[in-house]
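Every number here is computed from the coordinates shown, using simple stated rules; none is lab data. As the structure is a computational prediction, the values presented were derived from the model and not from experiment. Backbone-built Cβ (ideal geometry, glycine too); neighbour counts: all protein chains shown.
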Amino acid sequence: MSAFKRVLTKVSSIHSRSRSSSPSSPSEPRRSLAASSIKQGSHVQVDHTNAQAPTAAERQQVHDGDHRENRKSFTEQKEERKLDREAHNEEETKERREKLRKLREEDPLRDNYGDSPLNMSQTREDHHYTPLKEVATKLHGERVVFRARVHHIRPLGSKIVFIVFRNQLTTVQGVLTETEGTVSQTMVRWAEGINRESVVKVEGIVQRPPPDQEEVHGATVHEREVHIEKLYVIAPTTATLPFQVADVSRPVELQQKEDAQFPHVGDKTRLSNRILDLRSPTSQAIFRIHAGVCSLFREALESRSFIEIQSSKFQETSTEAGAAVFKVEYFRRPAYLAQSPQLAKQMCIAADMERVFEIGPVFRAENSNTHRHLTEFTGLDLEMVIDSHYHEVLDTVDTMFKYIFRGLQERYRTEIETVKKQFPHEDIVILDETPRLRFAEGIRMLRESGWHEDGSELDEWDDLSTPAERRLGQLVKEKYGTDYYILDKFPISVRPFYTMPDPQDDRLSNSFDVFLRGEEIMSGGQRIHYAPLLEERMAAVGIDPLTMKDYVDGFRWACPPHGGGGMGLERVVMLFLKLGDVRWASLFPRDPKSFQKSGRDLLEAALKTTNAMILHGPESETFQPGQPHGDMPPLENLIAKYGDSTNTSWTDPAWTVWRDPVTAAAVGYIPHNDFAVIFGNPLCELNQIPRVVKSFLAFLHEQKLKPVWCCVSKATEKYLAGDLGWSAVIAVAEERLNPVEEDPESNDKTVRRKIHRAEREGVKIVDVEGEMDPEVKHAIEERCKEWAAHRKGTQIHLTGVRPFDDMQHRKYFYAVDKDGTICALVVLAQLAPIHGFQIKWALDFPGAPLGTIEHILSYVIKKLGDAGVRSVTFGAGATGRLERAENVGGFRVRTLEKTYNGISHTFNLTNKGGFREKFGVHQEPMYICYPKGALGVKGIEAIMAALQKPK
């Protein structure tokens, strides 16, 4: 039986027993260690019990001193071994180079190889290098001289070595074999030691592969290879490479195989070392196509009398179409980075330029961590005067896209085929007559196909969600046989303020979207050119025309009818090549996770002041060893001072809480058989973590419990894995967002649609200020019972639904429907100032109108953002896959990964993450740490038992 099956069998047994036993009563007191039988002199104290601090501190200091004298820490030992290895390798390399140097000095053929002098432009010589891609066209026996990178080296005995050379899209195999009068054995041995990625100059003879080998398989040039006669290093690598370009050039499906016989390079590693990643043939091809889109876009429009403009990226106002913008300081005055050239394009039309386009950077301060969003991308925008109808714009756009796509397929076939080797896909299908559907027709097609989202009927007055867009793309492909189509006549409510309403139905607009492979690539339409109507629309969405005076003046001074559209270059390239992630189509991608820094924020004091505008319950600090102190502070106050989301679970009766007698620090855990399953960081100062952890582990040793420590931050993991030598993996993450930068209603179409639905249903949000009305509290308790009764399946959680525990550290919001019935509840829990707040519970009660939970969560997030709160978390969530962190072998991590994936699928551990993503959360990795060998079947069983324990 596999490890996973054994775990599931035991977990099911635990679950069966837990269902047959009576659950904990809500009134049951939180279990304390006072009830445990602990021998005299133990390292543990009960909550709120004073301890003999000086004696314990002195004892601990002696223990620590002895421990340090007896042995070095694991980190010190590991670092020492690493330095020894490096010194040994360096010595070996020096010896080898010195030996080869001496041999080369004695080699009569030494002028045929070696390191070239540093090029400082000493002289100018006429070097004619053969482009590497032309080697394939050379005749057998022709001499070539070329410059390239060393892609791969494969020695075959002491007298022959194969070297694969690379330049951009092309790789060519070179053969260096000992040849009398040309190549010595010393030269072959020297070539074996050239570092990969070094730039070399090669002179040789083009030849066909040997008769027994019809073609070369390890290079893009199959029918030719180069017999090397001279080889010089022009630019050597001087640092260890984070990965080899060859390892990131393989097809995606091979890279993702568990039994791959080559190193797997993660996306994060590739993007963190982007220069090296961009050297791969696939990246080279992608960015040629990237440039090709721009060239074809420019050609298509210039042939229609468009002129290119370059607009300023600084804006005086942050208001355009509701999307978030980046604020910058402009000589001590506020300014904003342009989220598009939309305003500038229209101002050019008002200035009689008639037809304009722009290729330039676009900035969006939206916390959207998806496969198709970036915070900075290249916009391709156009605007034009129309004679009578906005479909003139649509016709121009349609013709332009066909010109681009067909031009790419004709001019960049080599590049497309290169990309296909790594990202297999079919060419896009384009019809001569592009399907143009009305928005309402698209909704009808989705309805007729049986498409439902979240169990609700599609609303023809709301925007399409991303899943709905993809499904509609499938339906269009099935019906019309094309990957490219246009959707026209969108509802006015989902378009920017400057969009012209439909003349027959003011609920619709003269606007369209263009789709490729089921995803939107361009939005466009007719703009309002009549100043009074424009100002009326601006007022309706809360924009003061005075804040956009330059823009509005152009219309007040008369502007012709016009329209246009805009697209993101990177998204078009991603979809055209089916790359799966827009980051591969961006040279140096910027997303919400860019420029992240670790460590505590220096503005913690300011954050504390800001957070207090929402809620400020009492806080307590831990004791400093050797200093006099009073009673131990309450656990709840420590959570408010030091805690993150996982720590808030410790107030539940299911948890046992250990208190350090010296510092009053706290650690919460759940015992199961021979294990203690701990969740969350110790509640203490950062510099106290080592001594608190050491003291707690000594206590567990006395209790004969093996520790498995889950959901810890990097600071705790660093001590456990670095100093104690524990293993560490990543399988959970804190799902956090910044309310100041996040607006779920603006950023996510699905959320916005559901909020509008809830508002139409008469849902109202109540923000509880001060003491809660007893009747309301009772009603909420009853509704929580209903909610619990409707829960189905196995429940995996750290805490039960106990909204009125620790009310001094809680903030309450609830929603009522049109009949006054409470239909949803959100409870905020106060965390450490650096962490802000936790959305401790967000409950959608039975019978709540559709969209209620999105409505109340968006309200709460906006309230936090308006107050300046910069951190709120939904709590810990499962990651998509288990990752190795520290001190875990390859075979071991694969076994753990299979087990984790099975449990994750069985218990739907990632379900919440999909819902939370709509609110703009980003995942901060958390660690599971354990002593070597502790996370076997029994260890995993203990974790699952702790999660399933009634709470």
Sparse-neighbour loop sites [trypsin sites (Lys or Arg not before Pro); region 98-173; at most 13 other C-beta within 10 Å; DSSP]: ARG124
Inter-site label distance for ARG438 and LYS818 at 7 Å from Cα along Cβ, in nm: 2.8
Inter-label distance, nm, simple model (7 Å from Cα along the C-beta direction), GLN474/VAL766: 4.3
Ranked packing of 472-481, 866-875, most packed first, by mean Cβ within 10 Å: 866-875, 472-481
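From the helices alone, meaning DSSP H stretches of at least four residues, give me the mean residue ellipticity at 222 nm for the chain, per-run term -39500 (n - 2.57), in deg cm²/dmol to the nearest 500.
-10500 deg cm²/dmol
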Translational D in µm²/s for the chain (Stokes-Einstein at 25 °C, 0.890 mPa s, Kirkwood Rh from C-alpha pairs): 75
Calculated FRET value between HIS452 and ALA558, using beta carbons and R₀ = 35 Å, to 0.05: 0.10
Label-reachable residues, region 674-714, where backbone N falls under 19 Å from a point 7 Å from HIS629's Cα toward its Cβ: 681-700
Neighbourhood net charge (13 Å Cβ-Cβ; Lys/Arg +1, Asp/Glu -1) for GLY193: +3
Dipole moment magnitude, nearest 20 debye, the chain about Cα centre, only Lys, Arg, Asp, Glu C-beta charged: 2840
Formal net charge of residues neighbouring VAL221 (Cβ-Cβ distance under 13 Å; K, R +1; D, E -1): +1
Burial order of peptide ranges 730-740, 407-417, 436-446 (average beta-carbon count within 10 Å, highest first): 730-740, 436-446, 407-417
Mean-position separation - Cα centroids, region 705-744 and region 81-122, in angstrom: 44
Prolate/oblate/rounded label for region 389-505 (Cα gyration tensor, a/c 1.5): oblate
Among HIS629, THR466, TYR129 - extreme Cα towards positive end, dipole of the chain, charges at beta-carbon: HIS629
At most 12 other Cβ within 10 Å, DSSP loop - GluC sites (Glu not before Pro), region 208-247: GLU214, GLU215, GLU223
Shape call, region 651-723: gyration tensor on alpha carbons, a/c limit 1.5: rounded
Radius, Kirkwood style, for region 180-270 when every pair of distinct Cα atoms is counted (Å): 16.2
Normalised alpha carbon radius of gyration of region 219-375 [divisor 2.2 N^0.38 Å]: 1.52
All-pairs alpha carbon distance profile, region 625-761, 10 Å steps from 0, percent: 10, 34, 27, 14, 10, 4, 0
Region 627-680 shape via C-alpha gyration tensor axes, a/c threshold 1.5: oblate
If the convex hull is drawn through the Cα atoms of region 743-830, its volume per residue in Å³: 148
Spatial separation of Cα centroids for region 447-498 and region 633-649, in angstrom: 46
Net charge, GLU302 excluded, C-beta distance under 14 Å - Lys, Arg +1, Asp, Glu -1: -1
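In which sequence would LEU587, LEU301 go, from the one with the fewest C-beta neighbours within 10 Å to the one with the most? Intermediate values should be presented prior to the final figure.
Values: LEU587 12, LEU301 21.
Starting with the residue having the fewest Cβ neighbours, the order is LEU587, LEU301.
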Alpha-carbon Debye profile of region 541-595, log10 I(q)/I(0) at 0.13, 0.18, 0.23, 0.24 Å⁻¹: -0.65, -0.75, -0.87, -0.92
GluC sites (Glu not before Pro) within region 77-155, DSSP loop, no more than 10 other Cβ atoms inside 10 Å: GLU125
Hypothetical label at LEU241: residues of region 159-185 whose amide nitrogen lies under 14 Å (7 Å Cα-Cβ projection): 163-168, 171-172
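What Kirkwood hydrodynamic radius, in Å, does region 502-582 give when the mean of 1/r is taken over all pairs of distinct Cα atoms and then inverted? The partial results should precede the final answer.
On the way: mean 1/r = 0.0662 Å⁻¹.
Hydrodynamic radius (Kirkwood, Cα pairs) of region 502-582 is 15.1 Å.
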Whole-number D in µm² s⁻¹ for region 126-244, Kirkwood Cα-pair radius fed into Stokes-Einstein, 20 °C, 1.002 mPa s: 149
Positive dipole terminus of the chain, leading residue within ILE614, ILE404, GLN173 (C-beta point charges): GLN173
5 Å binning of all Cα-Cα separations within region 771-873, expressed as whole percents from 0 upward: 2, 11, 21, 24, 21, 13, 6, 1, 0
For peptides 670-676, 380-386, 533-539, sequence by mean Cβ density within 10 Å, most packed first: 380-386, 670-676, 533-539
